[in-house]
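Participant: Below is the structure I would like to discuss, written out as structure tokens.
The values are calculated or read from the model by the stated rules, or taken from the named source; none is laboratory data. None of these values were measured; they are calculated from a predicted model. Counting neighbours? That spans all protein chains shown, and the Cβs are built from the backbone with ideal geometry, glycine included.
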Amino acid sequence: MTVTTSSFSRLRGTAVTARVGVWLGVAITVCFLTGLISHFSQHPQPWFLAVWPTRPVWLYRVTQGLHVISGIAAIPLLVVKLWSVWPKLFDRPVIGGITRLLERGSILVLVAAMIFQLSTGLMNIAQWYAFRFFFTTVHYAMAYIVVGAVVVHIAVKLPVIRRALGEPLEEATTDAVTGPSRRTVLRGTWLAVGLATVVTAGQTIPWLRKISVLAPRSGDGPQGVPINRSAIAAGVLRSARSPDYRLTVVNGPTAKSFTVAELAALPQTTRSLPISCVEGWSVNAQWTGIVLADLVAAVGGTSGADVRMISLEPPGPYSRTTLPARHARDSQTLIALKLNGETLDIDHGYPCRLIAPTRPGVLQTKWLTRIEVVT
Ligand SMILES: Nc1nc2c(c(=O)[nH]1)N[C@H]1C(S)=C(S)[C@@H](COP(=O)(O)O)O[C@H]1N2
Ligand SMILES: [Mo]
């Protein structure tokens, strides 16, 4: 049995394109919405702060896990969808009337923008920062271009999509058909999506960890938690261990400084909270430390105030973050001194770090030296 070119071209067709397209649409929608959540968590707007809750504590873990999983699943879907229409992309006339121009233009923008989003996203989760631009800004802007192009594409193609979804998958044919069928193509597609998901999703779904051979983060690291940036890389090795170390808590003119021993002597609370990196990995851990609200109260801060976290790390994108009031007053938000029952490893933020519910990992500032009630 030989599979000829013509039997391959028979496999292409709108019946395949539309079915794969529906799933690609679902994946992109999930990816877009969860991406917006992540963006607004990192660049909060007043309306977002008003609606983003602190419970369940794993909320961001789930949304960001879905963001990366749906993005990865979209890759095989995009490849198959492109393959299924490949010869048509070069049909004549290339431009034609206004509808054709819109159709063509939207496909060009759509394909280019999606390839850009998926490949830069993939590079980012693999921690290969080869691009020269600031990832989050460009990835965010490009997301709207993708979604805009998808909307135009669906609007233009709606009649074709409806017809194709109504058609049976296989063509009625009297010839003896050899080689793979369209159903095989679809099965292969689902298999590829499943495989791509399973080999990477273990970085956020614990029971998949063992089979997720391509997951950039395995869950390994000191105290059972991966490290994002080490103390050496952040340049805090000396300052974090210095006998002169103090955590200073400030509210306007009121300030209190604590040595490590003084922090350890304050009432301690243990909470189970995840670290959920924007790059897709996440793990749950037991954190022990001081309830932030207690420290804020110690300097006379109110529960309505935002609170700024400042790291020992030299000024940079991760060295200071602001915790919205809702998270700052939450009893689960800790200034952690211990992780999984042991003194915080220096790479996890010794002497102390922030850990708060429903926040991206990037905002869980390590190696704290100063906490300011924003007035
Ligand atoms: N000061 C400081 N805090 C930081 C970072 C950093 O580079 N510097 N990285 C952040 C990121 S991106 C993540 S995902 C978490 C990871 O915490 P871990 O390294 O303890 O797992 O720390 C966050 N806190
Ligand atoms: Mo991160």
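Participant: Can we say residue 321 is within 13 Å of ligand 1 (Cβ to nearest atom), surrounded by fewer than 21 Cβ atoms within 10 Å (Cβ to Cβ) and not aromatic (Phe, Trp, Tyr)?
Facilitator: The answer is yes for residue 321.
Participant: May I pose another question? I'd like the residue in the range 291-325 that is under 24 Å from residue 222 (Cβ atoms) and of a type in the set (Ser, Thr, Tyr) and, out of all such residues, is nearest to ligand 2 (Cβ to nearest atom).
Facilitator: For the range 291-325, the residue satisfying everything is 318.
Participant: Please find, within the range 298-348, the residue that is farthest from the chain's Cα centre (by Cα) out of those that are of a type in the set (A, V, I, L, M), more than 21 Å from residue 271 (Cβ to Cβ) and assigned to a loop (DSSP other than H, G, I, E, B).
Facilitator: Only one residue fits best here, namely 299.
Participant: Would you point out the residue of the range 352-372, among those that are of a type in the set (Lys, Arg) and surrounded by 22 or more Cβ atoms within 10 Å (Cβ to Cβ), that is nearest to ligand 1 (Cβ to nearest atom)?
Facilitator: 366
Participant: Got a sec? Which of 206, 226, 222 is in contact with a strand residue (DSSP E or B) (Cβ under 9 Å, 6 or more places away or on another chain), crowded, with 17+ Cβ neighbours inside 10 Å and under 30 Å from residue 346 (Cα atoms)?
Facilitator: Matching residue, one of 206, 226, 222: 226.
Participant: Residues that are within 30 Å of residue 128 (Cα to Cα) and within 16 Å of ligand 2 (Cβ to nearest atom): list the strands (runs of 3 or more DSSP E) wholly contained in the range 203-290 that include at least 1 such residues.
Facilitator: 269-276
Participant: Can you name the residue in the range 344-375 that is polar (S, T, N, Q) and more than 16 Å from ligand 2 (Cβ to nearest atom) and is also farthest from residue 124 (Cα to Cα) among such residues?
Facilitator: 375
Participant: I would also like to ask the following. Do we have any residue at all in the range 355-364 that's of a type in the set (Val, Ile, Thr) and not in a helix (DSSP H, G or I)?
Facilitator: Yes, the range 355-364 contains a residue that is of a type in the set (Val, Ile, Thr) and not in a helix (DSSP H, G or I).
Participant: Tell me the residue from 342, 313 that is more than 9 Å from ligand 1 (Cβ to nearest atom), in the same structural domain as residue 266 (by TED's automatic domain parsing) and not hydrophobic (A, V, I, L, M, F, W, C), please.
Facilitator: Of the residues listed, the single one that is more than 9 Å from ligand 1 (Cβ to nearest atom), in the same structural domain as residue 266 (by TED's automatic domain parsing) and not hydrophobic (A, V, I, L, M, F, W, C) is 342.
Participant: Also, I was wondering about something else. When you go through (1) surrounded by fewer than 19 Cβ atoms within 10 Å (Cβ to Cβ); (2) free of Cβ contacts under 8 Å to residues at least 40 places away in the same chain one by one for residue 349, which number turns out not to apply?
Facilitator: In the conditions (1) surrounded by fewer than 19 Cβ atoms within 10 Å (Cβ to Cβ); (2) free of Cβ contacts under 8 Å to residues at least 40 places away in the same chain, residue 349 misses (1) alone.
Participant: Next question, about the same structure. Taking the range 23-38 only, how many residues are of a type outside the set (S, T, N, Q) and out of contact with any Ser or Thr (no Cβ under 7 Å at 6 or more places or on another chain)?
Facilitator: Qualifying residue count for the region: 9.
Participant: I've got another one for you. Could you list, in sequence order, the residues of the range 97-137 that are of a type outside the set (Gly, Ala, Ser), free of Cβ contacts under 8 Å to residues at least 12 places away in the same chain and either surrounded by 17 or more Cβ atoms within 10 Å (Cβ to Cβ) or under 21 Å from residue 362 (Cα atoms) (or both)?
Facilitator: 104, 123, 128, 129, 131, 132, 133, 134, 137
Participant: Further, regarding this structure: Is there a residue in the range 156-164 that is assigned by TED's automatic domain parsing to the domain that holds residue 81, touching a Leu at 6+ places or on another chain (Cβ under 9 Å) and in contact (Cβ under 8 Å) with a residue 12 or more places away in the chain?
Facilitator: Checked against the condition, which is being assigned by TED's automatic domain parsing to the domain that holds residue 81, touching a Leu at 6+ places or on another chain (Cβ under 9 Å) and in contact (Cβ under 8 Å) with a residue 12 or more places away in the chain, the range 156-164 yields at least one hit.
Participant: Could you grab the pairs with beta carbons closer than 9 Å, sequence gap of 6+ or different chains, first residue in the range 235-250 and closer than 16 Å to residue 366 by Cβ, second one of a type in the set (Phe, Trp, Tyr)?
Facilitator: Note: pairs meeting the criteria are 236/367; 239/245; 239/367; 240/350; 240/367; 241/350; 247/258.
Participant: Looking only at the range 53-96, which residues are among the β-branched types (Val, Ile, Thr) and surrounded by 12 or more Cβ atoms within 10 Å (Cβ to Cβ)?
Facilitator: 54, 57, 62, 63, 68, 69, 72, 75, 79, 80, 85
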